[in-house]
Amino acid sequence: MIVLDLEFNSGMYGPQILDEILQIGAVKVDGLGGAVTGAFNAFIKPRVHKRLSPGARVLPELSESLERGIPFEEAYSDWLSFIDGETEFAEWGRDDFKILCRNALYFGLEPVLPGTYIDVQTAFSRELGASNAAQLYQAAEYCRIPDTFVFHNALHDALYTSLIGGRLSVTALEACTFELHREDVTPQPRPTRRKGQARMGPFLTRELALNNMGCRRAVCPECRAVGRVASWHTLDGRAYYGAADCPLHGPVIRRLKLVADGAGSFWTYNDVIPATAKNLRLLERARAGESFSCSRRKGRSSARRHKERGKKKRSRK
C-alpha cells in the first residue's frame, strides 16, 4: 500500500485554474500503520500561478519548491516509477489523488488512477462518531502520536496518515474505501447561475459554507415557510443535497453546489428544487455517499442578549 500526501498552491486571482502541486510525498507501507518499506519526496517548482495563496505561503518547506524544485513532468515520472503498478492507496481526505491527476492532465500527461484508495480522514471521523472532519495534527494528537516531524510537509503528513490509519478499525477503513474514475478528475467548468439560484461567498473553508445559515435556508415554494437543512449529503464533494420539513407540504429539498476559486475560498450556488419523485431519488442517492451534519449555533439569541442588556442598564440606575 502507498500513502500519498500533497502540498499545493491555488493562486490568488481569477477563477480557479489549477491547484498547482508544490510537493509530492508518499510512503510505501505493509498496510496502514505497518512497516515503511519505501519513501517518495519531490519538491516541484511552480509555473502556473504568479502569486501564492495564504495556505501556500506558510508551508515550512516552501523555499525548497521555489529555489530547488524540479519540473512537474520529471516529478510525475519519478512518482510512476515509485508506485510501480501499485493499486492500493490511502490519503488524508479525498482530494489529493484528484489534484495529482488534474496536474497531470494540465501538463499534457496521462493520469494514472488508483485502483482503490482509503480516505483516512473520513474513517477517523466515522470511528469517533464525529460529524466534522478533523485536521491531521488533531488526529495525531488524539492518537498520541508524537509530533516528531513538522506538519504540512507532504512526506511527513503521509507518514502521520499511515500511523493514524493503523489505529482505526477494519470496519471504518472499509467503509471509506473508494474508487476514482476518469470523469472524477476531469476539470469541471464553473457553473452558470440559473434563475432563482443564489450565489453566496466567499467562505474560507468548506465547513463554513455548509454551516452557513443562508446556505441552509429552505423556503417552502407553496406556503413560504422557512426551514433549515440539518445535514448535507454528497456523492462527489461538489453537489450537496439536504432537506427541511414543511409542516403542511412535506420535504423541501435544498441543492447546493460548492465551487473553489483561485484564492482557495469557496462559493456556493443554492436553490430549492421541487420535491418530485426524480429529485427525491437524487436526495436518496446522495444520502448513500458522504454526509455532513451542520453544527448548531451556540450562545444566546439576539433578542435574549438585548433583554439582558436592558436589565443591566435598569439595575445601574
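The values are calculated or read from the model by the stated rules, or taken from the named source; none is laboratory data. Please read all numbers here as calculations on a predicted model, not as lab measurements. Positions of Cβ are generated from backbone atoms using ideal geometry, with glycine treated the same way; all protein chains shown enter the neighbour counts.
Structural remarks
- Single match in Ile118, Ile83, Ile99 (criterion: surrounded by 15 or more Cβ atoms within 10 Å (Cβ to Cβ), more than 18 Å from the chain's Cα centre (by Cα), of a type in the set (Val, Ile, Thr) and on the phi < 0 side of the Ramachandran plot): Ile83
- Residues of segment 59-75 satisfying the condition of being free of Cβ contacts under 8 Å to residues at least 40 places away in the same chain and in a helix (DSSP H, G or I): Ser63, Leu66, Glu67, Arg68, Glu73, Glu74
- Pairs with Cβ under 6 Å, 6+ apart, first in segment 97-109 and within 14 Å of Asp5 (Cβ to Cβ), second of a type outside the set (Gly, Ala, Ser) and part of a loop (DSSP other than H, G, I, E, B): Phe97/Pro114; Phe97/Leu180; Ile99/Asp19
- Qualifying residue in segment 295-314 (condition: surrounded by fewer than 18 Cβ atoms within 10 Å (Cβ to Cβ), closer than 30 Å to Asp19 by Cβ, of a type in the set (Asp, Glu) and modelled with pLDDT under 90): no
- Members of segment 155-177 found to be within 19 Å of the chain's Cα centre (by Cα) and surrounded by fewer than 18 Cβ atoms within 10 Å (Cβ to Cβ), listed by number: Ala175, Thr177
- Scanning segment 114-160 for residues that are over 24 Å from Ser63 (Cα atoms) and of a type in the set (Val, Ile, Thr) yields Thr116, Ile118, Val120, Thr122, Ile145.
- Candidates Leu248, Leu256, Leu210, filtered to the one that is aliphatic (A, V, I, L, M), touching a residue at least 12 places away in the same chain (Cβ under 8 Å) and in a loop (DSSP other than H, G, I, E, B): Leu248
- Scan of segment 121-154 for residues that are buried (at least 17 other Cβ atoms within 10 Å of the Cβ), aliphatic (A, V, I, L, M) and outside any loop (DSSP other than H, G, I, E, B), ordered by number: Ala123, Leu136, Ala139, Ala140, Ala154
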